[in-house]
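Contents: one structure, followed by commentary.
The values are calculated or read from the model by the stated rules, or taken from the named source; none is laboratory data. Being a predicted model, the structure only gives us computed values, none of them experimental. Here Cβ is always computed from backbone atoms with ideal geometry, including for glycine, and neighbour counts include all displayed protein chains. What goes into the accessible areas is simple: the full protein's heavy atoms, side chains included, and nothing from ligands, DNA or RNA. Shrake-Rupley method; radii C 1.70, N 1.55, O 1.52, S 1.80 Å.
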Amino acid sequence: MQPLQWEYRPDGLRAPALVCAFKGWNDAADAASTAITTVGTALGARRFATIDPEEFYDFQATRPRIQLVEGQARQIVWPEVELYEARIPRAPRDLILLGGSEPSFRWRGFSKLIVDVAEAIGVQLVVTLGALLADVPHTRPIAVTGLASDPALVARLGLSTSSYEGPTGIIGILHAACQEAGLPSASLWAAVPHYIAAAPNPKAALALVRKLEGLVGVAVDATDMETAAADYERQVNLAVQSDPDVQAFVERLEQAAGEDTNEDAGPLPSGDTIARDLQRFLRQRGEDPPPGPAS
């Protein structure tokens with residue numbers, strides 16, 4: 001069986017941009033996967049193809065799920081990668097959305113498959129969404145960095161080139177495949193506070209959506225996400241205010257973000273300790289971690 005399974009072939013797309021997000025290593029606090037789900041829901045995206053997982057996933061790492069149908073019959077739900085089309089008549093372009101978990105195997109073959117699909121349907125720009133852990137306070141606006149490998153695209157879209165060296169995820173491999181194929185690509189990365197990364201971060205997801213809007217020229221109704229982001233910030237603020245050590249930790253991050261740090265402030269607990277304290281606080285309040293607006 002071929003990995004790419006067409007349900008139908010979209011035609012008549014206008015200057016389409018392919019937007020990709022992958023759960024896993026590239027998706028701190030579920031920000032990227034939540035962002036692309038929100039975009040698809042808001043734009044009424046329609047699924048047109050899937051990528052069969054058999055060749056690309058370790059099912060012990062990314063396990064299939066059992067799901068009840070009509071409360072009785074059981075079926076297996078495999079971890080597919082899904083492709084959707086979103087037609088936006090009043091925008092300058094339409095969108096193709098690709099989402100799923102980061103594959104386990106054959107990254108070069110997986111990336112080539114995506115590039116082949118993009119070329120087959122006339123994609124003019126590939127945009128990936130990612131989120132990374134950073135030493136940033138939750139009280140500040142989420143920083144979103146835009147990168148592109150093509151110097152012309154950097155200049156035209158006001159992005160920057162990357163100087164990063166080190167381990168990469170499927171996003172890095174996909175961009176290399178796009179560059180080799182001569183397909184323009186860009187990447188948007190949200191910086192997520194590392195001490196609250198265990199909970200989904202709708203504030204970071206919203207920042208990615210807003211940055212994507214400017215990049216591809218498509219407006220997205222993210223009202224539900226705005227509500228979720230405000231509720232998330234309220235819960236985290238309550239957690240921080242309940243513990244002087246946590247509050248001091250956040251204040252130190254705020255100083256590092258925009259002011260001179262106080263060298264005499266004394267030792268503070270580690271980010272891992274802060275994360276455990278915040279999770280314990282939310283559990284004691286009887287609240288689940290702040291949810292993303294879509295799943």
What is the gain in length, in nm to one decimal, between residue 153 and residue 227 on full extension, counting 0.36 nm per residue of separation less the C-alpha to C-alpha distance?
23.3 nm
Can you tell me the alpha carbon radius of gyration of segment 11-101 divided by the globular rule-of-thumb value 2.2 N^0.38 Å?
1.24
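Work out, step by step, the length gained on full extension between residue 219 and residue 67: first 0.36 nm times the residue separation, then minus their alpha carbon distance; give nm to one decimal. Mind showing how you got there, number by number?
Details: separation 152, 0.36 × 152 = 54.72 nm, distance 3.45 nm.
This chain segment gains 51.3 nm when fully extended.
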Under a straight-distance cross-link criterion of Cα-Cα below 27 Å, which lysines are reachable from residue 203, leaving out those fewer than 8 residues away in the same chain?
23, 211
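Take the Cα atoms of the chain, build their convex hull, and give its volume per residue in Å³. Numbers along the way, then the final one.
Values: hull volume 48.1 nm³, N = 295.
Considering the Cα atoms of the chain, their hull volume per residue is 163 Å³.
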Rounded to the nearest 500 deg cm²/dmol, what is the calculated helix-only ellipticity per residue at 222 nm for the chain, with -39500 (n - 2.57) per DSSP H run of length n ≥ 4?
-11500 deg cm²/dmol
Hey, for a label at residue 168 modelled as a point 7 Å past Cα toward Cβ, could you say which residues of segment 21-63 have their backbone N under 15 Å away?
26
Using every pair of alpha-carbon atoms in segment 181-257, split the distances into 10 Å bins beginning at 0 and state the percent of pairs per bin, rounded to integers.
15, 38, 29, 14, 4, 0
Mind pulling the angle between the C-alpha long axis of helix 244-258 and the longest principal axis of the chain? Nearest 10 degrees, somewhere in 0 to 90.
60
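Determine, for each peptide in 63-75, 205-217, 79-91, the mean count of other beta carbons within 10 angstrom over its residues, then list the peptides with the highest first.
Top to bottom by mean Cβ count within 10 Å: 205-217, 79-91, 63-75.
With every protein chain kept in place and ligands, DNA and RNA left out, what is the accessible area per residue of segment 114-247? Probe 1.4 Å, answer in Å².
On the way: 5770 Å² over 134 residues.
I get 43 Å² per residue for segment 114-247.
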Place a point 7 Å from Cα of residue 48 in the direction of its Cβ. Which residues in segment 1-26 have their backbone N less than 20 Å from it?
2-21
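Provide the FRET efficiency to the nearest 0.05 for the residue 59-residue 198 pair, computing r from the beta carbons and using R0 = 25 Å. Show your work: numbers first, answer last.
On the way: r = 25 Å, r/R0 = 0.98.
Efficiency, rounded to the nearest 0.05: 0.55.
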Work out the length of the dipole vector of segment 22-127 about its Cα centre, built from +1 on the beta-carbon of each Lys and Arg and -1 on the beta-carbon of each Asp and Glu, and round it to the nearest 20 debye.
220
Residue 6 - accessible surface, heavy atoms, 1.4 Å probe, Å² rounded to 10
80
What area, in nm² and to one decimal, does the C-alpha convex hull of segment 167-206 cast on average over all directions?
3.9
